[in-house]
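FYI, it's all coordinate maths here, none of it is from the lab. Just so it is clear, the model here is predicted, and its values are computed rather than measured. Note that each Cβ is placed from the backbone with ideal geometry, even for glycine, and that neighbours are counted across all protein chains shown.
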Amino acid sequence: MAQTVENDVQLEGNATESNLKPQRLKITRFSDDSDKKILLKRLKDVEISVPIVYGTIAFWLGRKATETQSHKWTVYVRGATNEDLGVVIKRAVFQLHPSFNNPVRVVESPPFELSECGWGEFEIAISLFFHNDVCEKQLDLYHHLKLYSEDESGPQSTKKPVVVETYNEIVFPDPSEDFYARVQKHPAVIVPRLPVTINLPSVLATNVEDLNEKRGDTKDHPLSQWFNNFSEADELLKLAAARQQVGPLTS
Amino acid sequence: MDAKDILGLPKNALPIQEKKSKPPKESQRKPDGISREVYALTGGLAPLMPAVDVNQLKRKAQSDNEKITWQWLPFTNSARKDSLQLYHWVRVVNGIPPTGDYSFAKYNKSVDVLKYTDEEYEKYLTDPAWTKEETDQLFDLCERFDLRFIVVADRFPSSKTVEELKDRYYSVSRAILIARALSPGDVATHPLVKETYNASQETERKRALNLLLSHTKQQERKDVEVLAQAKKISEARKASKASEESELPVLSDIGSLGADKATADTVNPSTNSQIPSSSITAPVSETASVIASLRMLRVYLRSYALEQMVQAASSSAGLRTIKRVEQTLQDLGVNLKPKVPTKAVCAEHLELRKEILTLLNLQKQLQYKEAEGSSFREGSYTETPGTPPKQSLRAADLDRTFTPDSLSIGGERFGKREQKRKGPAPSSPAQSKRPRKYKASD
């Protein structure tokens, strides 16, 4: 095991054409990044996806509410199954309304969330930056912060927050070998199985996060009771039913 | 009138001031200074602020205190070689006729065609293709016709092309200039020396122009198409380059996307032939190109990917059809954008949309066929050919739901048709309907 790891490390360091050249690998040009002068070997026809949920939870402050700070809200990006996203995401940048002090907030480690107090609803821009071997480009998400609930029934409660979450999946169409190797066993990531012909280094899962005090996953997050459960089963059922109706008509 | 109202001036104030004795009917009086017609242009009233003082118009000549007469006098033209005297009208001021040359003489310009002596010819200007006689003739013609080479070529005794004549003339002049120059530097800036005449290039250029001129309309159209495609390709390339910042992966297998790459190699109008796998039909290549563009992004959200695929799939459909697809989805209880966009969900969603699109298209075709069928029925007794899609419409309820506005309008007649279709195998619907119709008319 260890040997294979070393070999691959060597290959990376020398930046020479690799000995193994299965058809599924394609070679990319040297990247201009000065810190990684490695040849990125990419896996074609393999798609790594990371299911995420992002959104806001807002609590009314009740008696403690003031004109300018009537609600306390948290914006976050979490794994759909509450797993640690730190393996994929390097940092998250939340762009708030310009009326906030330092409206550009950077969160360098998971859980990627930000809490603030305010009175107004606005659009929050979330930029996700990935690790070097994952992707060089950032991904931008937008979420509208909701403080007031849809139904106007009755007064606000300090106990029941206004929760708005969106489910989505980050797709990496041509993941690098390193990335694949690193996350193939990680619960936060959906990784298809490769055929046996490919020899990938089995990287020992170095979960540095375990050693730290701070947890990256949100399984026991204080707000986790409000998290929505997104199940695809429901949607699939509806879609299947719909297709049942339409299909025969077009045959 | 209105302007006066605005200004608040009394209506008849000014005219009375300006025109001394004015009867109310102004148009009948001829005003002083300007002609009646011009005055009428102003609407029968003087302008509020006279732009030109009426009194001044006539007096200008008088104030000069000069006597101007016009006389019929002879004149000579320095541009003429003979001393022909012609006559014309001349403006004489105080009895003194004008001096100076005929005013048009200055336009008599001509080209300075260089003249060479025989010695010079022997020394510098001999050329295998040209005899001295020919060269002399050339120069003579050039001078007579002011370097109008087309005319010179026409008059030249032996047939030489315009380019050849030009070439000879320019090279001779050049040689003479250089030979006569005291030092090479003197003439270096002379245009004849600076620019050489390139006969072969000129011939080629004119040939190309001729070719362009004689292009048929078809060829022109093709050219425009090809250029547009080339532009699109280069723009797409630029866009993809920009979106990838520093890295540019070498995609080893873009076989299925032949359209993009192949046409870049040879700008060929018939792009269809360039796609390697001929089995690719339009919709498949659309999704393939969407997939490729997604791949270029390196990272994207699945919801975004679905949007792109949906757009590609409905690119052939009009706005109305797309709205109908969405309406159908809503009727079926499906979210227009999936709440849980996993890979499976997105795939199903896309397939569902495609199926609905197909369904709607078929229904539209059905409508058309029926319309044809009905017009046939009214015209002749011949049977209309059976329309194919009818067999599939077994589930009549859904049929009605999905065609809210199409077949149910028009009322009874259409309704009857619907019912008819439910029953027996509808192979020749026209036939089954006809007896009904006759019955009704009985």
### Message
Less than 12 Å Cβ to Cβ from B:Thr321, Lys/Arg counted +1 and Asp/Glu -1: what total charge do the surrounding residues give?
### Response
+4
### Query
In this model, which of A:Lys90/B:Lys337; A:Lys44/B:Lys339; A:Lys41/A:Lys137; A:Lys90/A:Lys219; B:Lys123/B:Lys166 are farther than 23 Å apart at the alpha-carbon?
A:Lys90/B:Lys337; A:Lys44/B:Lys339
### Query
Taking θ as phi - 60°, what are the ³J(HN,Hα) couplings along region B:98-106 by the Karplus curve (6.51, -1.76, 1.60), each to the nearest whole Hz, with x for Gly and Pro?
x, 10, x, 6, 3, 5, 9, 5, 5
### ³J(HN,Hα) computed for each position of region B:207-223 - Karplus, 6.51 cos²θ - 1.76 cosθ + 1.60, integer Hz, glycine/proline x
5, 4, 4, 4, 4, 4, 5, 8, 4, 7, 4, 4, 4, 4, 4, 4, 4
### Task
Would you mind getting me the FRET efficiency between B:Arg320 and B:Ala371? Use the beta-carbon distance for r and R0 = 25 Å, nearest 0.05.
0.90
## Note on the structure
Here, A:Gln244 and B:Ile96, labelled 7 Å along Cα→Cβ, have an inter-label distance in nm of 11.6
### Message
Can you work out the Karplus-derived ³J(HN,Hα) for every residue in region B:71-84? Use 6.51 cos²θ - 1.76 cosθ + 1.60 with θ = phi - 60°, whole Hz, and x for glycine or proline.
### Response
10, 8, 10, x, 8, 10, 10, 5, 6, 8, 7, 8, 10, 6
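So, counting K/R as plus one and D/E as minus one, what does the shell of residues with Cβ under 9 Å around B:Ala179 add up to? Provide the component values of the computation, followed by the final result.
Numbers: positive: B:Lys123, B:Arg180; negative: B:Glu120.
Counting the neighbours of B:Ala179, the net charge comes to +1.
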## Note on the structure
Contour minus Cα-Cα span, B:Ala228 to B:Asp118, at 0.36 nm per residue, comes to 33.7 nm
### Query
Counting Lys +1, Arg +1, Asp -1, Glu -1, what net charge surrounds B:Gly333 among other residues with beta carbon under 12 Å of its beta carbon?
-2
#### Entry: Area projected by the alpha carbon convex hull of region B:304-361, averaged over all directions, nm²
3.6
